[in-house]
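Worksheet: the structure to be examined is printed underneath.
We did not get these values from a lab; they are worked out from the coordinates using the rules stated. Since the structure is predicted, the reported quantities are computational estimates derived from the model, not experimental observations. All Cβ positions, even for glycine, are placed from backbone atoms using ideal geometry, and neighbour counts span all protein chains on display.
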Amino acid sequence: MTEKKLTIALAGNANVGKSVIFNQLTGLHQHIGNWPGKTVEKAEGTLHFKGYTIDIIDLPGIYSLSTFSIEELVSREYIAVERPDLVINIVDASVLERNMFFTLQLMELGTPMIMALNQIDMAEKKGIRIDHEKLQKILGMPVVPTVAIKGTGVYELLERSVEIIEKGGINPPVIKYGEEVEERIREITKLIEKIPFRYPARWATIKLLEGDEQVEKEIREIGPKILLTAERLAKEIEEIHGHSCSTIITSERYEAAGRIARKVQQIVPKIRPPMSETLHTITTHKILGYPIMVLAVLAIFQSIFTFGNYTSELLSNLFYGWKPLFESLLGTGIVGKLIWGGIVEGIIASVTVALPYIAPFYFTLYLLEDSGYLSRIAFLMDTLMHKIGLHGKAFIPVMLGYGCNVPACLGCRIMETERERLLAAFVTTLIPCAARTVIILGLVGAFVGIQWALALYIIDLLVIFLLGRLAFKALPGEPTALIMEMHDYRVPHLKTVGKQTWFRLEEFIKISFPLIIVGSLLIKLMEILNLLEPIADILSPVTVTWLGLPAITGITLIFGVLRKELTLIMLATLLGTTDFALVLTPLQMIIFTLVAMLYIPCIATIAALVKEFGWKKALFITVFEIIFAIFVGGITLRLLPLFLG
Amino acid sequence: MERQRGIKKVELPLTALRDGESGIVTSVGEGPGRGYERGRGGWGFKKRLMDMGLTPGTRVTVIKSAPFRGPLEVSVRGSRLALGRGMAERIFVEITK
């Protein structure tokens, strides 16, 4: 017997435990990709239940079905056009009113749906009790209370879902607007019903009255007259109320959501504020919040780097231990050299960076995000980030950048507009990643003095600030302000955090591994063909004349494109010593590190930039940063001795 | 929507409220960006505020504001929002005294 196929989509606000429910439902059978042609993530998973193969789609967490973000567009198109068999609306029980606002919009889309009333335990701790049976009656759909992180109610959710699909859907009541609005909705709905339109008529009508660009555009093509009628009627509504039609519809929808919420919830006075409240008050405190944040971030960085250094060395020693064995098998001829030096070393390089640094970085950040602390950091950092035209949320990719610029560039997706994504990505490519930290500490820190290493970090921050500000002024468009929900602190769900880490890591591996390996192979080939020295000679006007460095450093800077810490390793190999003090003056070390720190991050970051913004912008950033690094290096060479006397 | 009953009303931007004070939203300004960036800078962000629950007639409470002209933490419709100052300046509220 072949199993029947079903598709169920999960929809709801951000941070309501949607991905936890997704994980509880699908376990290991997951696949993360992108929505076709969009930089929006699509998480899919399958499960088998009562003779059905059920495909679960985890839609992005959103607050509305307007056109504010790509996520909203993707979600509503999916629900209205692809028509899943059922939508499970996941709702945070402790913020029922706002969540219900989204529920009402889903109901307007006319999709078969049920509701998961999640985090009921947290709601109860806050003193909110919800009569889910009453809610069920009002909404005309099953409402299942769940505690996703414990798995409570998830089975029932599935049972009820299948039940509803077998029954052929639900009959939710129409949520009515005020009569003066409703009258006009009826008029337009009648017109839309006559034309072939891919969205439900009543929903499309409401969107037209709200001034939804996309629906307007689509209607214009098939029924331009309807658009005129809608505009006229919208104006009439505006005249009655004195607010824009979009405002009126949104308010009325919220009023309805609030009415329902008040009917079903009972607020019990709390005896004392729950722990999460106290934690929130302290971590966002006007004075205390900042030192706590600095300490927390430093502690995280410190432990990740300690762990990373240790593991990286361990892995590296392990791999390099195989070298003799490898050489005895393939010899030390050209082929052997190419395979070892190109492919194997490329893989080693990728693994020794990806696993020890990037995996814990992702894990910690997701842990912080899931618990709610990241949004508090964004709140505290908002003022500072505004100086470079970004808002507080941009601090999240910036933090990621200290681990590796590749995930940081991809992490810029959390910004709302294209302009901000680009600006944030540009800034993150200047953040000294783990590899650059290796150079700063390994060369300047070890041979010139730790105060100089610190000075370089400060210079880097100044550069980021200045360039960020310049880019902010140069890019057209208005900076956007922060609008962000700060959900209650909660215990993160480790399995979900682990999964998210794994998927991110996978994405990182897919982007960077092939490039690092191909790049290593190419450079190895150049080395074997003795092309490196001529190239170093060609570069000597820059390296020797302008930067005052030995010609050989030109080669190392080329290698640095693969991954930054190679510049240091190569320097040792080419100079024939790890005691850099013998071959370089302190000034040369500072200049070298400065240039290595500032010029393009690495090939993998460039690839990430291409992926997110197209090759033109990626190329521009790359070329700009190379020129800028060389410029700053040369200037410093000439200015620094003057300061030192 | 609530109407005042002959009591003196004061209309202020949300940023003028002290910590712990609350008011009723009267209007949300479009701000710059309308025209060349419709759906993004101006209109889109007004819609976003509405979608987050800051519709006219709603009670909003300023919990606290971050120092150095930082964002505001507000409580609206039972949820906690962080609003950038630029955004909060465009939200007008009425406080009854």
Please list, short to long, the whole-number percent of alpha-carbon pairs of segment A:179-267 in consecutive 10 angstrom bins beginning at zero.
17, 46, 25, 10, 2
On a C-alpha basis, how far is the centre of segment A:108-182 from the centre of segment A:342-364 in Å? Whole number, if you could?
44 Å
To the nearest 10 degrees, how steeply does helix A:615-644 sit against the main Cα axis of chain A, on a 0 to 90 scale?
50 degrees
Separation between Cα centres of segment A:462-476 and segment A:544-582, rounded to whole Å
30 Å
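Would you calculate a helix-derived [θ] at 222 nm for chain A, using -39,500 (n - 2.57) for each DSSP H run of n ≥ 4 and dividing by the full residue count, to the nearest 500?
Counting only the DSSP helices, I get -19500 deg cm²/dmol.
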In the protein assembly as shown, if every C-alpha pair distance is counted and binned at 10 Å from zero, what percent goes to each bin?
3, 13, 22, 23, 18, 12, 7, 3, 0, 0
Tilt of helix A:179-193 relative to the longest C-alpha principal axis of chain A, in degrees (0 to 90, nearest 10)?
80 degrees
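With a cut-off of at most 14 other beta carbons within 10 Å, and DSSP calling the residue loop, which trypsin sites (Lys or Arg not before Pro) in segment A:238-324 qualify? Please list them.
A:270, A:286
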Any chance you could check the Cα centroid distance between segment A:292-306 and segment A:231-245 for me, in angstrom?
54 Å
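Between residue A:150 and residue A:297, 0.36 nm times their residue separation minus their Cα-Cα distance comes to what? Spell out each step's value before the answer.
Working: separation 147, 0.36 × 147 = 52.92 nm, distance 2.92 nm.
Once the chain is fully extended between residue A:150 and residue A:297, it gains 50.0 nm.
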Modelling each spin label as a point 7 Å along the Cα-to-Cβ direction, I'd like the residue A:572/residue A:455 distance in nm, to one decimal.
2.5 nm
Ranked A:366, A:357, A:155, criterion: other C-beta atoms within 10 Å, fewest first:
A:155, A:366, A:357
What is the sum of charges, Lys and Arg at +1 and Asp and Glu at -1, for the other residues whose Cβ falls under 12 Å from the Cβ of residue A:119?
+1
